[in-house]
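Peer 1: Right, I'll just put the structure down here and ask away after.
The values are calculated or read from the model by the stated rules, or taken from the named source; none is laboratory data. Because the structure is predicted, anything quoted here is derived from the model rather than measured. Quick reminder, even Gly has a Cβ in these numbers, built from the backbone with ideal geometry, and neighbours come from all protein chains shown. Accessible surface is based on the protein model in full, side chains and every heavy atom, while ligands, DNA and RNA are left aside. Shrake-Rupley method; radii C 1.70, N 1.55, O 1.52, S 1.80 Å.
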Amino acid sequence: MSMQNPIGCKDDIQKALLEVESLSKHYVVKKNLFSPKTVIRAVDHISFDIYEGEALGLIGESGSGKTTTGELILRLISADAGRVLFQGEDILQMGEDTIRKKRKDIQIIFQQAQETLDPKATIAELIAVPLRIHRIVPASEIESEVDRLLNMVGLTGKDKHKFTYQLSGGQRQRIGIARAIASRPKLVVCDEPVSALDVSVQGQILNLLIDLKKELSLTYLFISHDLKVVQHICDHIAVMYKGKILEMGEKNQIMANPTHDYTKQLITSMI
Ligand SMILES: Nc1ncnc2c1ncn2[C@@H]1O[C@H](COP(=O)(O)OP(=O)(O)O)[C@@H](O)[C@H]1O
Ligand SMILES: [Mg+2]
């Protein structure tokens, strides 16, 4: 299997790293005590493949089911139906122990990095956590590995004794990225990783994600409501609307020949 596949071409030898088949998740909600129950089909029988080295952009408006899709793939929530094959093995069927080990290979970068970062821990401690959990390096090498990771995400050793409240939004997201790549994953789900950042910082973080993808041979599921962002980083696009994937394919193909009105609107609103 080839490791480098920058344009995401699907040759005969290559197998998909992730195969999502008819994945579904619904929620039963009641608006208030007296209203009837309604069913929200957050993710409604979606299927897609991501090949090694690809960046698939999952694009759609707020509430279309993008985050739920990411959470299902990481098994942070349980699915109703479907299969999520990672290197051919169904993540949804794995026991708790196996899935804990698999998390080393599949990581996530969240929109709000600070919400996932313990405010009482120093930067060095925060980055050491995944190194310890997944036993990436021996204890004696944790400090140097933290330095290496800080360097990779554009921070310096000076930052490592700081706390997250002393950092800017962009720096905090760099910590989130360092933690995600610490376990040397193959697949990274990026859930709106730049949406909470100032526009001036968004480009820097996107470029960092592009560089790391190349350097570490990563594969991305890149979730965003912003087609401009997706266009910048992804080679393939899947358009999600009300829990379903309306269309997907190679980026330039979708941008040049969108078949759904919704996709056309997304493209028009971008200009
Ligand atoms: N825990 C939950 N309980 C009830 N409804 C939920 C829950 N999580 C998500 N939803 C609903 O599922 C739909 C998809 O949500 P989400 O995946 O967060 O969309 P997106 O990330 O595209 O904005 C929305 O209608 C949302 O309100
Ligand atoms: Mg979301």
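Peer 1: Return a whole-number percent for the relative contact order of segment 38-157, with Cα pairs under 8 Å and 6 or more residues apart as the contact set.
Peer 2: Normalised by residue count, the contact order of segment 38-157 is 13 percent.
Peer 1: In addition: First compute the accessible area of the chain with a 1.4 Å probe, then give the percent of it belonging to carbon and sulfur atoms.
Peer 2: C and S atoms contribute 51 percent here.
Peer 1: Which of 232, 155, 38 sits closest to the plus end of the dipole of the chain, meaning its Cα is farthest towards the positive end, when Lys and Arg get +1 and Asp and Glu get -1 on the C-beta?
Peer 2: The Cα lying farthest towards the positive end belongs to 38.
Peer 1: With a/c under 1.5 counting as rounded, go ahead and sort segment 68-189 into rounded, prolate or oblate using the C-alpha gyration tensor (a ≥ b ≥ c being the square roots of the eigenvalues; past the cut-off, prolate if a/b is larger than b/c, else oblate).
Peer 2: Cα axes put segment 68-189 in the prolate bin.
Peer 1: Convert each backbone phi in segment 71-82 into a coupling constant with the Karplus relation 6.51 cos²θ - 1.76 cosθ + 1.60 (shift: θ = phi - 60°), then list the ³J(HN,Hα) values in order as whole Hz, x for Gly and Pro.
Peer 2: Result, ordered by residue: 5, 5, 5, 7, 6, 7, 10, 8, 8, 7, 7, x Hz.
Peer 1: Continuing with this model, one more query. Roughly what would the spin-label model give for residue 214 and residue 161, points 7 Å off Cα along C-beta, in nm?
Peer 2: 3.6 nm
Peer 1: Let me know the volume per residue of the alpha-carbon convex hull for the chain, in Å³.
Peer 2: Enclosed volume per residue, from the Cα hull, is 153 Å³.
Peer 1: A follow-up question, please. For residue 198 and residue 228, compute 0.36 nm times the residue count separating them, minus their Cα-Cα distance, and round to one decimal in nm.
Peer 2: That works out to 9.3 nm of additional length.
Peer 1: With only Lys, Arg, Asp and Glu charged, each at its Cβ (+1 for the first two, -1 for the last two), find how big the charge dipole of segment 112-184 is about the Cα centre; round to the nearest 20 debye.
Peer 2: The dipole of segment 112-184 has a size of about 100 debye.
Peer 1: Right, something else. From the square roots a ≥ b ≥ c of the eigenvalues of the alpha-carbon gyration tensor of segment 2-157, which class results: rounded (a/c under 1.5), prolate (a/b over b/c), or oblate?
Peer 2: In terms of gyration-tensor shape, oblate.
Peer 1: Still on this model: Would you mind working out the accessible area per residue for segment 112-184, using a 1.4 Å probe, and quoting it in Å²?
Peer 2: Ligands and nucleic acids excluded, the result is 51 Å² per residue.
Peer 1: Next question, about the same structure. If you put +1 on each Lys and Arg Cβ and -1 on each Asp and Glu Cβ, how big is the dipole of the chain around its Cα centre, in Debye rounded to 20?
Peer 2: 700 debye
Peer 1: I want the antiparallel fraction of DSSP beta bridges within segment 160-271, as a percent rounded to 5.
Peer 2: Looking only at bridges with both residues in segment 160-271, the antiparallel portion is about 55 percent.
Peer 1: Which aspartates and glutamates have a Cα lying under 17 Å from the Cα of residue 251, excluding residues fewer than 8 positions away in the same chain?
Peer 2: Leaving aside aspartates and glutamates fewer than 8 places away in the same chain, those within reach of residue 251 are 49, 52, 54, 226, 235, 261.
Peer 1: What is the calculated FRET efficiency for residue 256 to residue 151, with r their C-beta to C-beta distance and R₀ = 45 Å, to the nearest 0.05?
Peer 2: The value I calculate is 0.70.
Peer 1: Residue 54's amide H: which non-local residues (gap 5+, or another chain) put their own amide H closer than 5 Å, with H modeled 1.01 Å from N in plane and none for Pro or chain starts?
Peer 2: 220
Peer 1: Further, regarding this structure: What relative contact order, as a whole-number percentage, does the chain give when Cα pairs under 8 Å and 6 or more residues apart are counted?
Peer 2: In percent, rounded to a whole number, it is 25.
Peer 1: Which residue, chosen from 108, 85, 259, occupies the Cα position most advanced towards the positive end of the dipole of the chain, where the dipole is computed from +1 (Lys, Arg) and -1 (Asp, Glu) charges on Cβ about the Cα centre?
Peer 2: Checked the options; the winner is 108.
Peer 1: When only Cα pairs under 8 Å and 6 or more residues apart are kept, what is the percent relative contact order across segment 112-184?
Peer 2: Result for segment 112-184 is 48 percent.
Peer 1: Could you check what % of the DSSP bridge pairs in the chain are antiparallel, to the nearest 5?
Peer 2: Looking only at bridges with both residues in the chain, the antiparallel portion is about 55 percent.
Peer 1: Straight-line reach only, C-alpha to C-alpha below 19 angstrom: list the aspartates and glutamates that residue 162 could link to, leaving out same-chain residues fewer than 8 apart.
Peer 2: 115, 118, 125, 143, 145, 147
Peer 1: Next up: Return one number: the angle in degrees, 0 to 90 and rounded to the nearest 10, between the long axis of the Cα atoms of helix 169-182 and the longest principal axis of the Cα atoms of the chain.
Peer 2: 90 degrees
Peer 1: Can you pull out the trypsin sites (Lys or Arg not before Pro) in segment 163-233 whose DSSP state is coil and whose Cβ has at most 10 other Cβ atoms within 10 Å?
Peer 2: none
Peer 1: What angle do you read, to the nearest 10 degrees and between 0 and 90, between the alpha-carbon axis of helix 199-215 and the longest principal axis of the chain?
Peer 2: That helix lies at roughly 80 degrees to the long axis.
Peer 1: Going down the list 37/228; 15/214; 30/244; 101/160, which pairs span over 29 Å between their C-alpha atoms?
Peer 2: 37/228
Peer 1: Please compute the alpha carbon radius of gyration of segment 112-184, then divide it by the globular-protein estimate 2.2 N^0.38 Å. Two decimals is fine.
Peer 2: 0.97
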